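Down below is the structure, laid out as structure tokens.
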Amino acid sequence: MGAITKPKIDFDGLIEGANAESVDALDALIDAVAYAKSLPEREQKILMLFCEGYTLEQIGVQVGLSKGRISQILSAIKQKGEKMAIDSDDNYAE
């Protein structure tokens, strides 16, 4: 298995290339990008590799962690992101 090159972490590019069908969808994307950019660099790299379609095993090889640990990190990223989204929705309701 060949080495995976370091991805360019460009979450802003996701917004520029977005074809959102609604303002709500674009707002959600902007929130997701802001959240991704707030993550530590290693978690950003793991998330970007995952979004680019790399397997958990390939990501683990790239960052020097086991496939299981990559799965745990991605789950934690998802849980924190969901909590931020809920908290954000609660702030808008006030």
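Residues in region 42-73 that are within 11 Å of the chain's Cα centre (by Cα) and of a type in the set (Asp, Glu): Glu43, Glu52. Taking residues in region 40-67 that are closer than 20 Å to Asp10 by Cα, and partners anywhere that are small (Gly, Ala, Ser) and surrounded by fewer than 18 Cβ atoms within 10 Å (Cβ to Cβ), the pairs with Cβ atoms closer than 8 Å and at least 6 places apart or on different chains are Gln62/Ala3.
Coordinate-derived values only; no laboratory data. Here the structure is a predicted model, which means the values were calculated and not measured. When we count neighbours, we look across all protein chains shown, and the Cβ atoms used for this are built from the backbone with ideal geometry, even at glycine.
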